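Written out below as structure tokens is the structure these notes cover.
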Amino acid sequence: MTNQWPVTDLDAVQRMRVLASALPGGGFARLHIDAPVERVWAYIADLERSIPELIGFIRRFELLGDGTAVARGPVRNRGRFDVELRDGWCVMQDRFVVGGFAAAADGDGTLLAVCGAVRTPGLRRIVPLVLGRRTLVGVLERVRRATA
Amino acid sequence: MSRLLDELTPYVGRLCAPIALADGPDAAQEALIAVFQNLASLREPAALYGWVRRIAVREAVRVAQRSARQQPAELAELPVPGSAELAVDVRDVLNRLSPEHRAILMLREVEGLDERAAAEVLAVSAGTAKSRLSRAKAAFRKAWES
């Protein structure tokens, strides 16, 4: 009988909004992109290319094949990220930061969301610089240009 | 945290949809935000689902009340749980009820709670829960007969 009752689900962007709300000092932004979700997600999911193009403090992003990746920064600093990647959803985190992308079809285009947060309380003062809303919107604008 | 989100989202969606109807996704998102922002206050992990249920149902009622779409009706008697009559379009009948009545009905029919437990979830007295359920049943009956 209960299967007669209405049910609802959240798309990946709505889920990302929830996740961002749970990250202390986290930022969240979303943007409509006039490109099909398949094209947008194909770009994002190619993490070794997209992450260095999109995230200013990462110069190289190398997937290791075991659900982790090594990121290298501009001053040879490196971090090992756990990567959860599936269709329309990607969350990456190391000891210091966590961030992710989510995409859902939005008419003929795509609603793309990004979130980011610093996991170490002592580093939260730098959040507006590296993961503030303006920075995140800038990331989404770069995806828009890359998938135009 | 991402895994917990995957685990809780379908459950919260099942609770919110019968109450908030078209606003179900908004209600589910608001409920999950409230859940994740207050996770630290959950002292007993075993009580997770009951705690989430309380938040989700109250949030769904709040979102549904905010919406101008609600069209409460007055109606006669709900069929017993599991009866064939419930095979009618439940959504159509729910549309005619107020959010509070949808909430009590969902807690009874989907969650299988008794009146006392449902009253606790909704933060109302047992008497209020009983009277809402009775009116919801009446509404259901009238909807079928109309």
Any chance A:Arg30 is in a helix (DSSP H, G or I), among the charged types (D, E, K, R) and either within 18 Å of the chain's Cα centre (by Cα) or within 14 Å of chain B (Cβ to nearest Cβ) (or both): no
Sort out which residues of segment A:129-148 are under 28 Å from A:Leu10 (Cβ atoms) and at pLDDT below 85, and write them in order of number. A:Val130, A:Leu131, A:Gly132, A:Arg133
Quick check on segment A:101-109. Is at least one of its residues surrounded by fewer than 17 Cβ atoms within 10 Å (Cβ to Cβ), more than 21 Å from B:Thr9 (Cα to Cα) and among the charged types (D, E, K, R)? yes
The residue that is farthest from B:Leu107 (Cα to Cα), considering only those in segment B:7-32 that are out of contact with any helix residue (DSSP H, G or I) (no Cβ under 8 Å at 6 or more places or on another chain) and without any contact (Cβ under 8 Å) to a residue 24 or more places away in the chain, is B:Glu7
With respect to the numbered conditions (1) open to solvent by 10 Å² or more (accessible area, probe 1.4 Å); (2) within 14 Å of the chain's Cα centre (by Cα); (3) within 30 Å of B:Ser41 (Cβ to Cβ), which one is the sole condition not fulfilled by A:Gly25? (2)
Under the condition of being assigned to a loop (DSSP other than H, G, I, E, B) and of a type in the set (Lys, Arg), which residue from segment A:44-86 is surrounded by the most Cβ atoms within 10 Å (Cβ to Cβ)? A:Arg59
Please determine, by comparing only the residues of segment B:30-49 that are among the small types (Gly, Ala, Ser) and farther than 24 Å from A:Phe28 by Cβ, which one is farthest from the other protein chains (Cβ to nearest Cβ). B:Ala46
Taking segment B:1-20 only, how many residues are more than 7 Å from chain A (Cβ to nearest Cβ) and crowded, with 22+ Cβ neighbours inside 10 Å? 4
Could you list, in sequence order, the residues of segment B:105-118 that are in a helix (DSSP H, G or I) and within 18 Å of B:Pro18 (Cβ to Cβ)? B:Leu105, B:Met106, B:Leu107, B:Arg108, B:Glu109, B:Glu115, B:Ala117, B:Ala118
Scan segment B:134-142 and tell me whether some residue there is modelled with pLDDT of 90 or more and either touching a strand residue (DSSP E or B) at 6+ places or on another chain (Cβ under 9 Å) or among the basic types (Lys, Arg) (or both). no
Look at A:Asp9 and say whether it is surrounded by fewer than 18 Cβ atoms within 10 Å (Cβ to Cβ), touching a helix residue (DSSP H, G or I) at 6+ places or on another chain (Cβ under 7 Å) and within 14 Å of chain B (Cβ to nearest Cβ). yes
Does at least one position in segment B:89-111 carry a residue that is at pLDDT 90 or above and surrounded by fewer than 18 Cβ atoms within 10 Å (Cβ to Cβ)? yes
Among the residues of segment B:63-86, are any part of a helix (DSSP H, G or I), modelled with pLDDT of 85 or more and open to solvent by less than 50 Å² (accessible area, probe 1.4 Å)? yes
Of all residues in segment B:33-47 being closer than 26 Å to B:Glu109 by Cβ and touching a residue at least 24 places away in the same chain (Cβ under 8 Å), the one that is least open to solvent (accessible area, probe 1.4 Å): B:Val35
In segment A:87-114, which residues are in a strand (DSSP E or B) and more than 15 Å from the chain's Cα centre (by Cα)? A:Ala105, A:Asp106, A:Gly109
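The values are calculated or read from the model by the stated rules, or taken from the named source; none is laboratory data. Quick caveat: nothing in here was measured; it's all calculated off a predicted structure. With ideal geometry, Cβ positions are generated from the backbone for all residues, glycine too; neighbour counts draw on all protein chains shown. SASA here: full protein model, heavy atoms, side chains in, ligands and nucleic acids out. Shrake-Rupley method; radii C 1.70, N 1.55, O 1.52, S 1.80 Å.
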